[in-house]
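Participant: Sending over a structure as structure tokens; questions will come in a sec.
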Amino acid sequence: MSECMFCDLMQKKSNLLFESDKVFAMLSPDPSTAGQVSVLPKVHAPILEAVPDFVVAEMFKVANKVGIAVFEGLGAQGTNLLVQNGPTAGQKHNHVILNVIPRFENDHFPIGWNPKPAPEEELSSLEGKIKDETKNVGLFEKEKARPVEIEGPQEVKEDYRIKALRRIP
Amino acid sequence: MSEEEQQQCVFCHIASGKIPAKKVYEDDKVAAVLDINPATSGHVLVIPKEHVSVMPQMSEELVAHLGMISKQLSFALIRALKVEGTSVFVANGVAAGQRAPHFLLHIIPRSANDGVALQLLPAKLDEKSVNETIAKLVPAVGKQFGVDIKLPAVEKPKAKLEKAEKSKEKPEKPKPADGKSELDRITEMLAK
């Protein structure tokens with residue numbers, strides 16, 4: 001048993017729906033509604049920011065496919081995707097989860113917020129503050145390529161400089 | 001949606017810059033703007049430039065891009081606004097709470113007791129209907145990935161669930177059901 005319930009579930013392949021080398025999709029062990037699916041990175045990471053970009057990309061791709069399955073298989077009229085990033089966002093477990101939640105008309109699922117108009121000056125000052133931190137957004141961390149196995153001796157391309165060197169006694 | 005309706009889509013115009021907005025990030029695929037009717041201060045909408053209504057209409061490439069951008073923007077909001085967390089939220093379909101005819105991904109800065117209901121409270125579910133749902137969902141997921149999936153062994157962390165239900169009595173301060181020390185560390189990490 002590790003400290004993380006989700007790492008344990010993944011190791012036992014409990015609740016497994018689909019797994020790739022990077023992510024795991026499972027039936028939620030503590031669903032808020034029937035058919036809730038949790039998409040998780042296989043590496044233990046408590047928050048989204050600790051998950052490599054290319055793994056986040058795969059989490060979203062898998063969650064979208066699960067979402068299509070929710071529409072087609074359950075006849076759902078909607079889906080919610082939700083990451084609770086940090087305890088103030090309602091995060092209950094120490095492993096980051098992208099939840100896929102099936103939704104039906106008038107299901108009274110308690111989710112949402114009350115939008116309030118924001119004053120122009122406030123938005124302008126926020127825009128400046130946030131822009132200062134978004135300069136590196138869009139630069140993605142790539143997965144390291146696995147070492148390529150080389151078969152047989154490598155041919156070295158000779159150029160005139162090498163030939164010229166051989167001529168020196 | 002007809003071409004004419006697309007031409008009238010407010011969010012297409014915001015993404016392309018025809019309608020001015022407080023843009024905090026932009027690339028060739030998406031634009032991120034401040035919501036003028038936010039859930040909390042600093043609520044950001046990530047808008048694909050291509051007109052799509054829901055995520056299932058997107059290419060895999062766009063879905064992947066959206067995910068990575070959301071992660072990075074979430075981090076940017078945490079640093080810029082010194083909040084302790086974010087909710088990354090998508091509603092596909094009116095039944096899921098979608099209001100706009102254009103796909104939007106919400107990144108909402110979160111603080112304790114901010115009144116945003118994105119908690120996912122534990123619910124007492126009817127076991128029979130849950131099992132029926134799973135029986136329908138499993139083959140549909142398998143079809144999407146092109147694999148046969150067997151009904152998985154389902155595990156429920158009972159003790160933890162009971163604890164979580166007790167904490168439901170005070171929904172204002174959801175107590176973490178487990179890993180509290182690590183969650184505290186997360187809070188500290190995010191606060192930095």
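Please treat every number below as a calculation from the coordinates, not as lab data. Note that the coordinates shown come from a computational prediction; the quantities given were computed from them, not determined experimentally. Neighbour counts are summed over all protein chains in view; Cβ atoms, including those assigned to glycine, are modelled from backbone coordinates with ideal geometry.
Participant: With a 10 Å Cβ neighbour count serving as the proxy for reagent exposure, in which order, fewest first, do A:E127, A:E141, B:E127 appear?
Facilitator: Numbers: A:E127 17, A:E141 12, B:E127 9.
Result, fewest neighbours first: B:E127, A:E141, A:E127.
Participant: I would also like to ask the following. Direction-averaged shadow area of the convex hull around the Cα atoms of segment B:1-160, nm²?
Facilitator: Averaging across all directions leaves 12.5 nm² for the Cα convex hull.
Participant: Could you pull out the trypsin sites (Lys or Arg not before Pro) across segment A:67-150 that fall in loop regions by DSSP (anything but H, G, I, E, B) with no more than 12 other Cβ atoms inside 10 Å?
Facilitator: In loop regions of segment A:67-150 (DSSP not H, G, I, E or B), the sparsely surrounded trypsin sites (Lys or Arg not before Pro) are A:K135, A:K142, A:K144.
Participant: Take peptide B:45-58, look around each residue's Cβ out to 10 angstrom, count Cβ atoms belonging to other protein chains, and average those counts.
Facilitator: 2
Participant: Still on this model: Name the residue from A:Q36, A:P115, A:S14 whose Cα lies farthest towards the positive end of the charge dipole of segment A:7-150, charges +1 on Cβ of Lys and Arg and -1 on Cβ of Asp and Glu.
Facilitator: Selected residue: A:S14.
Participant: Here is a further query. Taking each residue in A:4-13, count the Cβ atoms of any other chain within 10 Å of its Cβ, then average. What number comes out?
Facilitator: Per residue, the average neighbour count from other chains is 2.
Participant: Still on this structure, I have one more. What average count of beta carbons from other chains do you get within 10 Å of the Cβ of residues in A:30-43?
Facilitator: Values: counts 11, 8, 6, 5, 13, 9, 6, 2, 0, 0, 0, 0, 0, 0.
Average neighbour count from other chains, rounded to a whole number: 4.
Participant: Roughly what angle does helix A:53-74 make with the longest principal axis of chain A, taking Cα atoms, 0 to 90 degrees, to the nearest 10?
Facilitator: The answer is roughly 40 degrees.
Participant: Where does segment A:59-144 land on Rg(C-alpha)/(2.2 N^0.38 Å)?
Facilitator: After normalising by residue count via 2.2 N^0.38 Å, the value is 1.47.
Participant: In 10 Å bins starting at 0, how do the alpha-carbon pair distances of chain A split up by percent?
Facilitator: Result, from short to long distances: 8, 25, 26, 18, 9, 6, 6, 2, 0 percent.
Participant: Sorted by mean Cβ packing within 10 Å, highest first, what order do the peptides B:145-153, A:79-87 take? Could the numbers behind the result be given before it?
Facilitator: Values: B:145-153: 11.6, A:79-87: 27.2.
Those peptides, ordered most packed to least, come out A:79-87, B:145-153.
Participant: Helix-only estimate, please: 222 nm mean residue ellipticity of chain A, summing -39500 (n - 2.57) across DSSP H runs of length 4 or more and dividing by its residues, to the nearest 500.
Facilitator: One gets -9000 deg cm²/dmol as the mean residue ellipticity at 222 nm.
Participant: Take the cross-link list A:K92/A:K135; B:K18/B:K49; A:K92/B:K29; A:K116/B:K22; B:K22/B:K49 and give me the ones stretching past 21 Å between alpha-carbons.
Facilitator: A:K92/A:K135; A:K92/B:K29
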